[in-house]
Structures are given as C-alpha cells and as structure tokens.
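Taken together, the values in this text are just the output of simple stated rules run on the coordinates, not laboratory data. Only a predicted model underlies this, so the values are computations on that prediction, with no experimental measurement involved. Cβ atoms come from the backbone with ideal geometry, glycine included; neighbour counts cover every protein chain shown.
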C-alpha cells in the first residue's frame with residue numbers, strides 16, 4: 001500500500017501542471033494566512049484604540065450623579081480573537097459596537113457588512129475559504145482519473161497481478177490524494193503558528209487541533225468519493241462531472257437552502273414584534289423614573305417599613321437608587337425572557353442546520369471550522385451574555401452608589417467624584433473555552449465520521465465491483 | 001450544415017443527456033426557490049410596514065383624544081403637555097420606511113443588512129441602534145439568502161459549464177472531430193452554433209423564470225426594473241458564454257477544458273471578490289463609530305454645559321427668525337425655550353460626525369467600484385442591487401432622507417416653541433402631515 005502511495009506521489013510530482021498549480025496555490029494559501037493575520041492585528045489595534053478612548057472618557061468623569069452616569073453609559077467593542085485570521089466566522093455580519101446603559105439591554109450594531117456595498121458572497125480571502133472551497137476541488141481534480149487512468153493504461157491489471165488487492169489500490173489512491181490536502185492544511189497551520197508563536201496558548205492549540213481533525217476528515221471524504229467514482233465509472237470525465245455535481249450540491253446548494261429553511265422552521269420574531277413584546281412586558285413593571293407609579297409607591301412603603309420611618313426624608317439612604325435598581329431588576333427579567341427566547345430559537349435553528357450534515361458533510365465542516373475557531377454564533381452569543389452580565393454589575397454599582405453613597409432621596413444634584421468612576425471596573429472579555437462549548441459540536445464531528453464510514457464502505461464495495469480490464 | 005441543423009442535433013444530444021437535464025432542473029428548482037425567498041421578504045416587509053402604520057395611527061388617535069377630551073396628556077405622566085410644541089411633536093408618531101421594491105423578488109441584495117423602517121423623533125439619527133437589520137441568525141446572513149440573483153450570478157455559470165464542457169472535447173476524444181469539420185465546413189461556426197443553442201436555451205429558461213417571479217410581486221409597476229434586470233442577466237450570460245467559448249476553442253480535451261472553466265469560475269466567483277474584501281478590511285478597518293459616540297455623549301454634554309450666550313448665538317445662526325421672537329426678548333421664558341431647543345445644536349454636531357462616517361464608507365465603496373473592471377461578479381451583483389433598490393447607495397439615501405426628516409422636525413419644533421405656539425387638534429394634525437416626507 002505504501003508503495004502505491006509513493007508511486008502516486010512520484011507521478012504527481014512529475015506533472016508540470018500539478019507542480020505549477022500547487023506552487024500558485026501554496027503561495028495563495030501562505031498569502032491568505034499573512035493577510036488574515038495582518039488584518040486581525042489591525043482590527044485588534046483599532047479595537048484597542050476605541051476601547052481605550054471610551055474608557056478614558058469614563059475615567060475622566062469629574063463629578064456626576066451616578067444615575068446620570070448610568071445614562072451616560074459606556075460602549076463595548078467586540079474583540080477579534082487570534083483565530084479569526086484562519087476563520088472569522090460570523091464576525092463580519094454581527095456588528096461590533098454595543099451600548100451599555102441603564103434601563104435597557106441594547107443590541108450589537110454597526111457590522112462591517114453594513115458599511116460597504118456587496119463584495120464577496122463567501123467572505124474574505126481567509127485560509128478557511130481556500131481550505132473549505134478550493135482545496136476539496138483540487139483533491140477532486142487530482143483523484144478523478146486516478147483509477148480510470150490505471151484501467152485505461154492497463155496498469156491496474158498489472159498491479160493486481162503483482163499481488164495488490166483492488167481494495168488496497170483504491171484506498172492507497174485515496175490516501176495519496178488525501179495526503180496532498182493534509183499537507184496543505186499542515187502548511188497553513190505551520191505558517192499560522194510561526195506568525196503567532198508568542199501568542200499560542202493551550203486553548204488555541206486544542207482548538208487548532210480540532211480544526212485540523214475536522215478538515216482531514218472532510219478531505220478524506222472528498223478524496224474517497226472521487227476515487228470511488230473514478231473506479232466505478234467507465235470514463236474519467238463522468239467521474240469528474242459526478243464529483244463536481246456533488247461538490248456544487250454540498251457546498252453551494254444545500255448549506256444555503258438548509259440554513260434558510262432552518263430559519264423558516266424556527267422563525268425569529270421581527271424586530272417590531274420583539275420590541276413591542278418587551279415594551280408590553282416592561283410596562284407591567286416598575287418605572288424607575290416615575291415616582292408616582294403605583295409599583296414605585298408600593299416599593300416605597302416596603303422600604304419605609306423596613307427602615308421603620310414615616311417619610312423618605314427620614315431614610316438614611318437615597319430611595320431613588322433603590323427604585324432605579326428595582327426598575328433594573330424587573331427590566332432584567334424582561335430582557336432575559338425575550339432575548340433568552342431568541343437564543344433558544346437560534347439554538348434550534350443551529351441544531352436543525354447541523355442535522356443538514358446528514359446530507360452534506362460540508363455543513364458539518366463549516367460548523368466545526370468556525371466553531372473551533374471561536375467565531376460562530378454560539379461564541380457570539382456567549383460574548384453578548386458576558387456584556388449583559390457586565391452591564392448588570394455596572395448599573396448596579398451606580399445604583400448602589402446612588403442609594404448608599406450618602407445622598408438623600410430626591411437629591412438629583414448630588415454627584416460622585418472621579419475616584420468612584422475610576423473604581424468602576426472596565427469590561428473584560430473572557431473568551432469561551434472549548435471545553436465548555438465542545439458538546440455543541442459533537443453532532444458535527446459524529447456526522448463527519450459517519451460520512452467517513454460511508455466512504456470506506458463505498459471503497460470496499462467499489463473494490464469488489466471494479467472491472468480490472 | 002446550417003445552424004438550424006446543428007441546433008436540432010444539439011437538442012437531441014441535450015434530451016439524451018440525463019446529467020445535463022438534471023443540472024438544468026436543479027437550476028430551475030433553485031431559481032424558483034430563490035424567487036419565492038425574494039417574494040417572501042417583500043411580503044414580510046410590507047406586512048411589517050402595515051403594522052407600524054397601524055401602530056402610528058393608534059398613537060395619533062390617543063393624542064387626538066386628549067385634545068378632544070380637554071386633556072393635556074396621560075394621567076400617570078403629568079409632566080407631558082401636548083398643547084406645547086415640544087410635547088406635541090414628541091408625540092407625533094412619524095415612521096419613515098424604505099418601501100421594498102417589487103424587484104426584490106429577483107434580488108435581495110443588501111436588504112438584510114439594514115433596517116427598513118425608522119421612528120423619527122427629534123433625537124433620532126440615521127445611525128441609531130434601531131436602524132439595525134432585522135433580527136436574524138448571523139450564520140444565515142453569512143451564507144446569504146438563496147435568491148434568484150445568487151442562482152444567476154453563481155450557479156448560471158456552473159450550469160453553463162455543465163452544458164458546454166464536452167463540446168469539441170468529446171468528439172476529439174472519440175475521433176469524430178475531422179468528420180464534423182468536413183460536414184460543417186467551419187469549426188468555429190459549429191462550436192459557436194452549439195454554444196448559441198445552450199445560450200438560447202438558458203435565455204428562454206431565464207426569461208420564463210423572470211416572468212414567474214413577476215407573478216409573485218408586481219414587478220412591472222416598477223419602471224423598467226424587469227427589463228433592466230433581464231438585459232443585465234443576458235449580458236452576464238453572454239460574458240460567461242464568451243469566456244467558455246474561448247476555452248473550448250483553444251482547449252485540447254474535455255478534462256483540461258473543464259478544469260480551465262472551473263478555474264475561471266473560482267477566480268471570478270471566489271478568489272477575486274474575497275481578496276478585494278480582505279484588502280479593504282486591511283486598508284480601511286471597520287468603523288467603530290467613535291466620532292458618533294463622542295457626539296452622542298461628550299459633545300452633547302458640552303453643548304448642554306456651554307454658556308447661554310453661546311447657545312443663543314448658535315441657535316440664532318441656525319434659525320435667524322428666532323432672534324425676532326418675543327421669547328428671545330423675554331429673559332425668563334427664554335430659559336425653557338433654550339433648553340428645549342438644544343437638541344437642534346446636538347443634531348448639527350451629529351450631522352458633522354455622520355458626514356465623516358459616510359465619507360469613510362464612501363472611500364471603501366470607491367475602492368470596491370474601482371475593482372469592477374476585473375471583478376465582474378461583484379459588479380453584476382451591485383448592478384442588480386441597484387435595479388432592485390437594495391444597493392448600499394439606496395440605504396445611504398434612505399439615511400439622508402431620515403436626517404432631513406429629523407432636521408425638519410427639529411426646525412418646526414424650535415420655531416414653534418420660540419413663537420409660543422399653542423397646539424390644538426388642528427395644529428397637531430398639521431404637524432403629523434408636515435413631519436412626513
């Protein structure tokens with residue numbers, strides 16, 4: 001078997017066309033890693049500048065009422081991770097800026113895609129684009145005549161006479177082609193690793209290894225299928241066109257159709273419905289800015305009773321802060337309900353889409369690729385949750401200051417000094433670790449393995465039915 | 001052999017090729033699916049607009065009821081007084097919509113990247129968070145909706161490849177080629193006729209599909225949209241036919257021809273657009289809207305904190321007629337009027353920040369436009385976006401309209417505040433009408 005693989009590579013290396021295409025493609029791949037890396041660095045820089053700018057503004061607040069500070073709020077910019085240079089996933093369409101303020105959970109806005117006219121339907125020239133779309137095509141081109149050529153030239157008969165089994169021949173041809181894809185993949189990862197040698201962490205390494213595994217599985221599936229067709233069909237052209245059709249179906253048709261269908265099966269509310277439902281629910285709770293609100297009055301009575309006093313002026317604390325926080329707490333339950341509902345629907349959509357991997361292994365590859373690179377919707381939602389948790393802590397700190405900072409109820413002119421505002425912690429994004437989210441990708445990995453098994457079965461069957469002469 | 005005979009032979013060849021027929025059927029199914037996706041979006045946006053109009057009408061009726069019942073606002077919000085221009089205009093619901101074009105059935109374009117309705121208030125701006133796109137799965141937005149234009153721009157060229165790939169190559173491999181040349185007289189004419197057969201076939205199919213699309217939305221109500229899109233698609237089809245024809249003409253065998261055809265497709269559909277997008281994101285990284293944020297917070301605070309003298313000066317510069325009002329001469333009443341008018345100054349600062357942002361976006365878009373000559377797929381996509389009014393520029397002018405409406409709203413409010421206008425039902429209804437586009 002090893003000998004067949006070696007021979008296959010010898011043939012490939014002797015082909016000028018193969019060498020030419022390979023050199024061009026390797027250069028493009030290396031360039032894509034460089035550009036991806038450079039872009040991530042630039043993006044990080046611009047993110048850092050924006051973050052520092054907004055933080056400085058916050059820390060420069062000289063004197064301000066804490067609740068006014070809650071309205072002044074802050075902004076969180078979505079950071080890009082190191083792995084975005086390989087696969088940036090949904091980052092270009094999700095928005096980058098999130099306003100953090102009192103009374104409301106905002107949505108992330110200002111996506112990259114909204115700032116420009118249409119360009120690429122398949123994203124930027126990242127390594128993932130080449131590894132997902134182009135490398136499989138190269139494998140198809142290398143494999144489509146690998147067995148049919150042997151049949152036509154009579155070498156297949158010779159190999160069988162020399163003792164090679166048809167199964168071994170087909171498998172070896174598959175492995176030989178597959179190794180070409182694997183080498184390109186390794187090249188990408190080595191260049192990426194070299195460029196980021198100082199920033200590599202165990203998390204990045206684990207994610208990269210998983211990324212590598214999902215790609216090698218997919219490449220084996222593509223190589224195996226093509227070699228199977230090459231062995232099964234009478235002529236190479238038919239093998240090529242069959243595999244091309246499968247490629248189009250897998251990568252262009254099915255992902256698009258199934259994703260759109262998943263969104264139809266589990267429809268998200270329209271923005272208007274979403275906002276109206278939240279407004280409706282919100283109106284049932286306490287209005288922090290309206291002291292005459294019945295729920296605010298009831299809260300006032302409770303607090304007065306708790307402190308054993310008759311009027312707000314006798315309270316040792318500022319009741320306005322308590323009312324604001326009660327407003328916040330109620331609001332949070334409303335946001336949790338509605339944003340939570342959207343997250344559930346998105347999860348259902350994702351699960352349905354993942355099942356599409358039964359029809360197209362490309363879907364599983366795409367899911368694992370952006371998932372393992374930390375840039376799929378799941379990671380995006382994790383980021384949003386972290387921002388929302390921060391918002392709640394941030395606003396509570398300000399409301400608590402309003403309540404217990406020494407001011408009296410109704411004293412809106414009371415201001416906190418700069419030291420307090422500097423003490424409010426900045427948002428720190430903790431990237432989601434793969435161990436937490438890995439379970440979400442098990443289905444994709446299982447489906448890739450399922451396709452691998454199908455390919456192996458096809459190779460076995462193909463070997464049995466192969467016409468030697 | 002005349003062209004008609006070649007056409008007839010090719011027809012026989014086509015109907016005997018299950019592979020080609022399946023490819024064509026898949027193309028038709030995908031197109032119909034895409035057309036329905038476009039029509040669904042058209043319906044969805046229309047329904048949403050209807051709901052919003054209804055909501056605006058209800059809001060209006062509530063305020064009108066206050067006037068009719070001699071009230072000045074809701075009981076639980078005693079500070080609201082709708083007889084003052086400030087509160088009346090704040091409570092005059094005005095939505096501005098980007099009505100979907102019926103041609104969206106063919107091409108969704110950038111429609112899913114932006115909001116298409118906006119509640120206009122005196123504090124609005126075209127970059128408010130409610131201008132964000134509809135709630136959608138980002139992974140779906142990433143892969144894009146399979147609309148008719150996607151089928152045409154990406155799959156039509158592949159279908160053409162499937163239909164043409166074995167022209168000449170198959171005959172050469174079977175050794176018939178010299179015989180065919182003898183029969184037809186001209187190799188080029190024979191190949192051209194065969195290519196023309198498939199081009200004609202596809203043109204008929206595309207025309208039929210477009211007519212089907214026209215049944216889903218009233219495309220013909222939009223001047224020339226149908227014909228513009230059809231003509232562009234014809235041009236696009238001919239472009240690919242010409243490229244493939246040249247490959248077939250100079251190609252040696254089927255496999256090599258197929259590889260070259262797929263290579264060109266990959267270059268135009270994937271590599272070039274992706275490389276340009278990467279280049280732009282390096283040259284001009286995503287605008288994080290710092291200028292806008294600064295105006296929204298710090299600049300606004302500064303305007304509120306600036307001296308009355310400066311505020312008055314800026315207001316009088318902006319609206320010179322204010323200088324001659326009674327309130328301008330009344331040292332007591334001017335305080336309230338000034339406070340309520342500060343929004344106008346913030347709006348001016350906001351406009352300056354937005355101009356910078358728009359200019360930044362413009363630079364990026366110019367870079368893209370400069371690549372059109374070697375980037376035909378992106379060029380065609382943007383052309384189709386223009387025809388279906390879903391191009392970046394359509395949303396840019398939508399934003400400009402929003403800004404104009406905000407300017408108008410603020411101007412009416414400020415002038416009426418300073419002229420001490422008392423709002424009644426008639427005046428309120430006049431506001432509603434005049435605040436519309």
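Things worth noting here:
- Cα→Cβ-extended label distance, 7 Å offset, between residue A:56 and residue A:457, nm: 6.4
- Sequence-separation-based contact order of chain A, relative, with Cα cut under 8 Å and 6+ spacing, percent: 25
- With contacts taken as Cα pairs under 8 Å at a separation of at least 6 residues, chain B carries a relative contact order of 27 percent.
- Computed per residue of chain A from DSSP H runs no shorter than four, each worth -39500 (n - 2.57), the mean residue ellipticity at 222 nm is -22500 deg cm²/dmol.
- Here is how the number arises for chain B: DSSP H runs of 4 or more residues each give -39500 (n - 2.57), the sum is divided by the residue count, and the result at 222 nm is -22000 deg cm²/dmol.
- You can think of it this way: the chain between residue B:50 and residue B:181 has 40.7 nm of extra reach, that is 0.36 nm per residue less the Cα-Cα gap.
- Principal-axis tilt of helix A:271-283 within chain A, Cα atoms, nearest 10 degrees: 30
- For the stretch B:85-122 and the stretch A:313-386, distance of Cα centres in Å: 27
- Centre separation in Å (Cα based) which lies between the stretch B:146-207 and the stretch B:344-389: 38
- Two-site label geometry, residue B:373 and residue B:256: point separation in nm, points 7 Å out along Cα→Cβ: 3.2
- Estimated FRET transfer efficiency when R0 is 22 angstrom, pair residue A:297-residue B:62 (beta carbons, to 0.05): 0.35
- Ordering B:129-136, B:140-147 by mean Cβ neighbour count within 10 Å, with the highest value first, yields B:140-147, B:129-136.
- Degrees, to the nearest 10: A:377-404 long Cα axis against longest axis of chain A: 10
- Take the Cβ atoms of residue B:43 and residue B:223, set R0 to 22 Å, and the FRET efficiency comes out at 0.50.
- Axis angle, to the nearest 10 degrees, between helix B:392-418 and the longest C-alpha principal axis of chain B: 10 degrees.
- Computed over chain B with a Gaussian network model linking Cα atoms closer than 10 Å, the most mobile of B:93, B:273, B:78 is B:78.
- Ordering of A:18-30, B:109-121 by packing is B:109-121, A:18-30, highest average first (other Cβ atoms within 10 Å, averaged per residue).
- With a simple spin-label model that places each label point 7 Å from the Cα along the Cα-to-Cβ direction, the separation between residue A:435 and residue B:333 comes to 7.2 nm.
- Mean partner shielding of peptide A:68-77, defined as the number of other chain Cβ atoms within 10 Å of each residue Cβ, is 2.
- Euclidean distance of C-alpha centroids, the stretch B:1-45 and the stretch B:256-334, integer Å: 46
- Sorted on the mean count of surrounding Cβ atoms within 10 Å across their residues, most packed first, peptides A:260-271, A:241-252 read A:241-252, A:260-271.
- Within 10 Å of each Cβ in A:226-233, the average number of Cβ atoms from other chains: 0
- Remark: mean inter-chain Cβ contacts per residue of A:261-273 equal 4, using a 10 Å Cβ-Cβ cutoff to other protein chain atoms.
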